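The values are calculated or read from the model by the stated rules, or taken from the named source; none is laboratory data. These numbers were taken from a predicted model, which means no experiment stands behind them. Cβ placement follows ideal geometry from the backbone for every residue including glycine, while neighbour counts extend to all protein chains displayed.
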Amino acid sequence: MPDTTPPAAPGEIAVAVQGVHKQFGELVAVKDLDIDIRAGEFFSMLGPSGSGKTTVLRMIAGFEEPSAGRILLHGADVTRAAPFDREVNTVFQDYALFPHLSIAENVAYGLKVRGVARGARAGLVEEALAQVRLEHVAGRLPSQLSGGQRQRIALARALILRPKVLLLDEPLGALDKQLREEMQVELKQIQREVGITFIFVTHDQEEALTLSDRVAVFNDGRIEQVGSPREVYEFPETEFVARFLGVTN
Ligand code: ADP
């Protein structure tokens, strides 16, 4: 069933990553990492390819287990909980919509597998489609939508489960520049309206700076700096952050 608890109180920590280490064989992908992400925050993990962002996201989602350390979701230790048992949902870059199902069926899918009755699903689908402003496409197939619309449907499909935290793995990476900029505005608006904590992975500096309340700049499995877009851009604490953000002075 979708969670009906009210949104978290301001200032509450939605996700705490505590001393997390992740190794794949010899390779250390994430090194003794600590992050506190506040409830309702739009938090971005920014950094070059291979810096460990996706691995952190996957550990929060429960697709990977940390080699050491803990992950708390709203105070509960979920380090070893199955993905299904976490009030977290993920939106991937490739959308992963079912091509043979209508948009309404795609959006309802998560409810169906969780045993929500058909009657109860319809209203929730309508609400989720309204959240992404696509009520009028319910009967279409994914192939009949534009790339930007498909991305919004992927978002609706995740939001319908009322996760406490939404994880977004380069969700705009497959879109062209103009659509990407439009979707950035959309995404920010939707996040404000639904009030859910968004954790966003990107290698695009401008995107992270535009969208986020706070940005964590990753380098080689560690965070170099966490702060508001203005803080990291105007007051980079390390040479790496300054270079990566393209700060020239
Ligand atoms: P990013 O998201 O910043 O591009 P990743 O978290 O995907 O970085 O990867 C961090 C490092 O961990 C990279 O060196 C990558 O090759 C490695 N890695 C990620 N997943 C696996 C895996 N399942 N098996 C082995 N190495 C992996």
Take GLN93 and decide whether it is part of a loop (DSSP other than H, G, I, E, B), closer than 19 Å to MET183 by Cα, in contact with a strand residue (DSSP E or B) (Cβ under 9 Å, 6 or more places away or on another chain) and not basic (Lys, Arg).
yes
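Hey, can you tell me all the residues within the range 213-244 that are in a loop (DSSP other than H, G, I, E, B) and within 16 Å of the ligand (Cβ to nearest atom)?
ASP220, GLY221
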Condition first: in contact with a Pro (Cβ under 7 Å, 6 or more places away or on another chain), surrounded by 20 or more Cβ atoms within 10 Å (Cβ to Cβ) and in contact (Cβ under 8 Å) with a residue 40 or more places away in the chain. Can you find one or more residues in the range 110-124 that meet it?
no
Where residues in the range 57-83 are assigned to a strand (DSSP E or B), surrounded by 14 or more Cβ atoms within 10 Å (Cβ to Cβ) and within 16 Å of the ligand (Cβ to nearest atom), which of them is farthest from the chain's Cα centre (by Cα)?
GLY69
All positions within the range 174-199 that are at pLDDT 95 or above and within 16 Å of the ligand (Cβ to nearest atom):
ILE199
In the range 84-97, anything within 16 Å of the ligand (Cβ to nearest atom) and either surrounded by fewer than 21 Cβ atoms within 10 Å (Cβ to Cβ) or at positive phi (or both) is listed as PHE92, GLN93, ASP94
Starting from the range 34-49, take each residue that is in contact (Cβ under 8 Å) with a residue 12 or more places away in the chain and list its partners that are basic (Lys, Arg) and within 16 Å of the ligand (Cβ to nearest atom), counting only C-beta distances under 6 angstrom and pairs at least six apart or across chains.
MET45/LYS53; GLY47/LYS53
I'd like to check something: does the range 96-116 contain any residue that is over 30 Å from ASP176 (Cα atoms), more than 22 Å from the chain's Cα centre (by Cα), part of a loop (DSSP other than H, G, I, E, B) and of a type outside the set (Lys, Arg)?
yes
Just give me the residues in the range 27-56 being among the charged types (D, E, K, R) and within 10 Å of the ligand (Cβ to nearest atom), in sequence order.
LYS53
Residue check, ALA128 surrounded by 15 or more Cβ atoms within 10 Å (Cβ to Cβ), at pLDDT 95 or above and part of a helix (DSSP H, G or I):
no
Regarding ILE199, is this residue under 16 Å from the mean Cα position of the chain (by Cα) and part of a strand (DSSP E or B)?
yes
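What number of residues in the range 41-56 are among the polar types (S, T, N, Q), out of contact with any Phe, Trp or Tyr (no Cβ under 7 Å at 6 or more places or on another chain) and not in a helix (DSSP H, G or I)?
Matching residues across the range 41-56 total 1.
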Kindly provide the set of residues from the range 202-211 that are surrounded by fewer than 24 Cβ atoms within 10 Å (Cβ to Cβ) and under 22 Å from ALA158 (Cα atoms), ordered by number.
THR202, GLU207, LEU211
